[in-house]
Amino acid sequence: MTGRDITTKTKKEGMQSMPCGNGHLLLSIAFLLLVTCGVCCTSVKRFAYEGFWRDKWQHPEQVIQVLEIQPGQHIADLGSGSGYFTFRFADAVGPAGKVYAVDVDQEMNKYLEKQAGKRGCQNIEVVLAQHHDPLIPKDGVDLIFTCNTYHHIKDRVAYFSNIRKYLRPGGRVAIIDFSGKGWFQKIFPHFTASAVIKKEMESAGYHLQHEFDFLPRQHFLVFSKNI
Ligand SMILES: C[S@@+](CC[C@H](N)C(=O)[O-])C[C@H]1O[C@@H](n2cnc3c(N)ncnc32)[C@H](O)[C@@H]1O
């Protein structure tokens, strides 16, 4: 069984065990309508990514803190969306550092670029990625960070194997993805089992460096590339 097969199976299992009260069902239908009607609308996507009160369960400061980011480092925020983490990384690396906001969605990239301009963040560079390659500039990065995006990526073993070339010596890949806990994730099965992430990353040529368990809805795994 391949990593891909396991993911597909996990998603199906997530869909089968779908406990759902009426309130939750109505909320979910409303959300689905919003997303369907406004699929091209940046503000709807922003809401879908960030929602209300995300900080309460995302603990962004703690995420940044445990990653021990140093001023001057270069970071790629892979699947940056509306920049929830991009701007926090930009603060952490400071003016001598660089954050590549990498996404395949040109509309979200334009939105993020505009926000970076408004906030005067000169250390953010927006990159229009390809689905199979993030197109990070050749001098590479110290950290490839990806939040709630792992499950979107196709053929992940090939993808992460390919992007090893963008990591500087000692570079890391930090993956946060939904764990499938909670009613919302049961209804919208956009998550990946941590065992699947570990297996795929090992196949792609990485080893697990840290696993953090302080995020209530997500896995948080940090990998180094094998030498
Ligand atoms: C759920 S959003 C997460 C956004 C952001 N990381 C956050 O935590 O708010 C997933 C993002 O991944 C992007 N994405 C999907 N596949 C991608 C790929 N192969 N390469 C880069 N970005 C991708 C989508 O366009 C979307 O902006």
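Are any residues in the stretch 192-210 within 19 Å of CYS147 (Cα to Cα), out of contact with any Asp or Glu (no Cβ under 7 Å at 6 or more places or on another chain) and assigned to a loop (DSSP other than H, G, I, E, B), and if so, which ones?
ALA193, ALA204
For (1) more than 16 Å from the chain's Cα centre (by Cα); (2) surrounded by fewer than 20 Cβ atoms within 10 Å (Cβ to Cβ), each residue gets a yes or a no:
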position: ILE64; (1), (2): no, yes
position: GLU68; (1), (2): yes, yes
position: LYS98; (1), (2): yes, no
position: GLY117; (1), (2): yes, yes
position: GLY120; (1), (2): yes, yes
position: ILE136; (1), (2): no, no
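Between a residue in the stretch 69-94 that is closer than 15 Å to GLY170 by Cα and among the polar types (S, T, N, Q) and any residue that is modelled with pLDDT of 95 or more and more than 16 Å from the ligand (Cβ to nearest atom), which pairs come within a Cβ distance under 6 Å, given they are 6 or more apart or on different chains?
Close Cβ pairs (under 6 Å, with a partner that is modelled with pLDDT of 95 or more and more than 16 Å from the ligand (Cβ to nearest atom)) amount to GLN73/VAL93; GLN73/GLY97; GLN73/ASP142.
Does ILE187 satisfy the condition of being over 16 Å from LEU78 (Cβ atoms), crowded, with 17+ Cβ neighbours inside 10 Å and either touching a Gly at 6+ places or on another chain (Cβ under 8 Å) or at pLDDT below 95 (or both)? Please lay out each step first, then the result.
On the way: over 16 Å from LEU78 (Cβ atoms): yes; crowded, with 17+ Cβ neighbours inside 10 Å: yes; either touching a Gly at 6+ places or on another chain (Cβ under 8 Å) or at pLDDT below 95 (or both): yes.
Yes; evaluated as a whole, the condition is true for this residue.
Across the stretch 190-200, what is the number of residues that are away from the ligand (no atom under 16 Å from the Cβ) and touching a strand residue (DSSP E or B) at 6+ places or on another chain (Cβ under 7 Å)?
Within the stretch 190-200, the first condition is being away from the ligand (no atom under 16 Å from the Cβ), and the residues that meet it are 193-196, 198-199.
The next check asks that each one be touching a strand residue (DSSP E or B) at 6+ places or on another chain (Cβ under 7 Å); those that pass are 194, 198.
The qualifying residues number 2.
Take the stretch 74-110 and flag every residue that is of a type in the set (Val, Ile, Thr) and away from the ligand (no atom under 14 Å from the Cβ).
The one that is of a type in the set (Val, Ile, Thr) and away from the ligand (no atom under 14 Å from the Cβ): VAL93.
Is there a residue in the stretch 190-197 that is at pLDDT below 95 and closer than 21 Å to GLY83 by Cβ?
Scanning the stretch 190-197 turns up at least one residue that is at pLDDT below 95 and closer than 21 Å to GLY83 by Cβ.
Return a yes/no flag: does the stretch 178-187 have any residue that is within 11 Å of the ligand (Cβ to nearest atom) and touching a strand residue (DSSP E or B) at 6+ places or on another chain (Cβ under 7 Å).
yes
The values are calculated or read from the model by the stated rules, or taken from the named source; none is laboratory data. Remember, predicted model here, so these are calculated numbers, not experimental data. With ideal geometry, Cβ positions are generated from the backbone for all residues, glycine too; neighbour counts draw on all protein chains shown.
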